[in-house]
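Below is one structure, written out as structure tokens; the observations come after it.
The values are calculated or read from the model by the stated rules, or taken from the named source; none is laboratory data. Computed from a predicted model, the values in this text were never measured in an experiment. Cβ placement follows ideal geometry from the backbone for every residue including glycine, while neighbour counts extend to all protein chains displayed.
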Amino acid sequence: MTNPRARISRSQDRGKPFSALGELLWYLGGIDTLEFIKEYIPDYAADAEDGILAGAYGPRIHAMRGSINQLENVTRLLKEKSTTKRAVIQLYDAADIAVHHEEIPCTTALQFVARDGRLHMSTTMRSNDAYKGLPHDVFCFTMLQEMMATRLNLDPGDYIHYATSMHVYDGSIEAMKHYVNEGHQKTVQMPPMPSGDAFAITDSLLKAEGEIRAKKKIRAVDFAKEPYWADIIRLLQVFWATKRRDAPRFEDLNELKAEFDDEVYRTYLERRLKTRVLRDAKTTGAA
């Protein structure tokens, strides 16, 4: 991808950034619990062992083998020597196949390369679900790429994704046909991240997510002064507001729609509203 900001889709079927955003927060927070991620991606429940995902990326990024903060180490390397070829975050570990786990990382490594003022990123996968997994991987990893680029005061460069086994499962075939039948979709992109250390927003994003999850009404600007990150929090508000049966009134959601700083996100709120209307109509027998 020569433009990693074009990580979101307007497709009716695949244009769903909410679960990918939840997974990104799961990574950033160094979290491995099913309790957090199951609300965004219920399929993880099949792989959890005593409520924990053994292959969760977050702990491996921030505390590999219990103490190695790979994110900080990569940052230090790139700051000390911009041409380094050692800026690699390892996600797959030799111990992963020493004993059996229901789930281990599909991603083997993330490598950052700074050249001519741009930060390129290469991802290698041992295995990749092209329909369910790939859209999430591209979203999360290009977000990490851009966050690292802003931390280093670089522009995001190319994103390269390599999978040894790229595949789909039988259960996705019909959904894939629907996706293909939608035809060509207009390319859209997220706005540039604000300058500075993007990772510094992590605690605020997680705190906002916790408040929203707890059904508290918040204002995104109270957690993020930068419009970019406030919009990310608003996407979380949209997800949770339309997920619950006791969701807010439609007027409140329309008010939230007006708060988005970048109009690129408003389409996703409209789709979630439409889904909620259809769901409620079906529940009441009106559909």
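Those residues that are more than 27 Å from Asp203 (Cβ to Cβ) and touching a helix residue (DSSP H, G or I) at 6+ places or on another chain (Cβ under 8 Å), I need them from segment 13-44; list them, please.
Within segment 13-44, Asp13, Arg14, Gly15 meet the criteria.
Checking the condition assigned to a helix (DSSP H, G or I) and under 29 Å from Pro191 (Cβ atoms), which residue from Glu23, Glu39 passes?
On inspection, the qualifying residue turns out to be Glu23.
Quick check on Thr75: is it in contact with a helix residue (DSSP H, G or I) (Cβ under 7 Å, 6 or more places away or on another chain), of a type outside the set (Phe, Trp, Tyr), closer than 20 Å to Leu144 by Cα and touching a residue at least 40 places away in the same chain (Cβ under 8 Å)?
Spelling it out, Thr75 is indeed in contact with a helix residue (DSSP H, G or I) (Cβ under 7 Å, 6 or more places away or on another chain), of a type outside the set (Phe, Trp, Tyr), closer than 20 Å to Leu144 by Cα and touching a residue at least 40 places away in the same chain (Cβ under 8 Å).
Kindly indicate which of Ala200, Ala208 is closer than 30 Å to Arg76 by Cβ and free of Cβ contacts under 8 Å to residues at least 12 places away in the same chain.
Answer to the selection: Ala200.
Which one of the conditions (1) closer than 12 Å to Met193 by Cβ; (2) in contact (Cβ under 8 Å) with a residue 40 or more places away in the chain does Asp155 fail to meet, given that it meets all the rest?
(2)
So which residues in segment 218-236 are assigned to a loop (DSSP other than H, G, I, E, B) and touching a residue at least 12 places away in the same chain (Cβ under 8 Å)?
Ile218, Phe223, Ala224, Glu226 - these are the residues of segment 218-236 that are assigned to a loop (DSSP other than H, G, I, E, B) and touching a residue at least 12 places away in the same chain (Cβ under 8 Å).
Can you tell me which residues in segment 226-263 are hydroxyl-bearing (Ser, Thr, Tyr) and at pLDDT 90 or above?
Scanning segment 226-263 gives a single hit, Tyr228.
State all residues of segment 75-113 that are surrounded by 14 or more Cβ atoms within 10 Å (Cβ to Cβ) and over 22 Å from Ala163 (Cβ atoms); if no residue qualifies, say none.
Correct list: Thr75, Leu77, Leu78, Ser82, Thr84.
Looking only at segment 187-202, count every residue that is out of contact with any Lys or Arg (no Cβ under 6 Å at 6 or more places or on another chain) and either exposed (fewer than 14 other Cβ atoms within 10 Å of the Cβ) or assigned to a loop (DSSP other than H, G, I, E, B) (or both) and tell me the total.
Final tally of qualifying residues: 8.
Quick check on Leu119: is it touching a strand residue (DSSP E or B) at 6+ places or on another chain (Cβ under 9 Å), within 30 Å of Val238 (Cα to Cα) and in contact (Cβ under 8 Å) with a residue 12 or more places away in the chain?
No: the conditions fail for Leu119.
Condition check ((1) buried (at least 20 other Cβ atoms within 10 Å of the Cβ); (2) among the β-branched types (Val, Ile, Thr); (3) more than 20 Å from Ser19 (Cα to Cα)) across all residues:
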site: Lys132; (1), (2), (3): no, no, no
site: Val138; (1), (2), (3): yes, yes, no
site: Gln145; (1), (2), (3): yes, no, no
site: Asp155; (1), (2), (3): no, no, yes
site: Ile160; (1), (2), (3): no, yes, yes
site: Ser165; (1), (2), (3): no, no, yes
site: Asp170; (1), (2), (3): no, no, yes
site: Ile173; (1), (2), (3): no, yes, yes
